[in-house]
Structure formats: structure tokens, C-alpha cells
Amino acid sequence: MDDDVRERLEPLPPSAKLVYYVLDAEGRFDQTGLAAETRLSTRTVRFAIEKLVDVDLVEEGFCPTDARRSVYEPADPVDAESARGVVPSAVVAED
């Protein structure tokens, strides 16, 4: 885990940190799966996911087997940086 992720996780509640660590270690989960894996309530998981999405650490996607459900996975660091308007230094053109 890099320093940027640690900095964005630091102010978040413990439930959000736990959800992020599970997603980072295990991969994609839906809300029910995260609740079972973390032993948190679904309401707490939903709150944690909202916080993680707000700081661009988690991405929400569609469940391939049930379009009514969402799945969550750790955000790609490059995509999260571009969403916040940060351009990776390797891509910046120098004049």
C-alpha cells in the first residue's frame, strides 16, 4: 500500500479502513459479501463504501450476474489521480 492511499485512509472511520483492506486483499465484493466478510452490518458497509468512493479509493461497478446489484473493488491509482485532476509525473510533458 502506497503513502497516498495511507493518507486518504487516515481520516476515515475504522469501518471504512476495514472494508478497504478486505477489498484490497480479496478483490471484488458486493455489499452483502462485504458485510459477511467483515462481520459489519450492511448499513455500516454502505456508509464505509460511500466514504471510500468519496476519496477515490473504491470504484463501484455492475454485478455481471444481477444488474440490480453493485460490486466494489479498489480503485486503480492512475484512474483515481486523473479523476482528481492529478497527472502522473511520468506523463507530464516538459517544454
field: Heavy atoms of Thr65: accessible area, 1.4 Å probe, square angstrom to 10
entry: 130
- prompt: So how exposed is Glu26, as accessible area in Å² (1.4 Å probe, rounded to 10)?
  reply: 120
Estimated inter-spin distance, Asp2 and Glu60, nm [label 7 Å along Cα→Cβ]: 2.5
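The values are calculated or read from the model by the stated rules, or taken from the named source; none is laboratory data. Model, not experiment: these values are computed from the prediction. Here Cβ is always computed from backbone atoms with ideal geometry, including for glycine, and neighbour counts include all displayed protein chains. When the accessible area is computed, the model is the full protein with side chains, heavy atoms only, and any ligands, DNA or RNA have been set aside. Shrake-Rupley method; radii C 1.70, N 1.55, O 1.52, S 1.80 Å.
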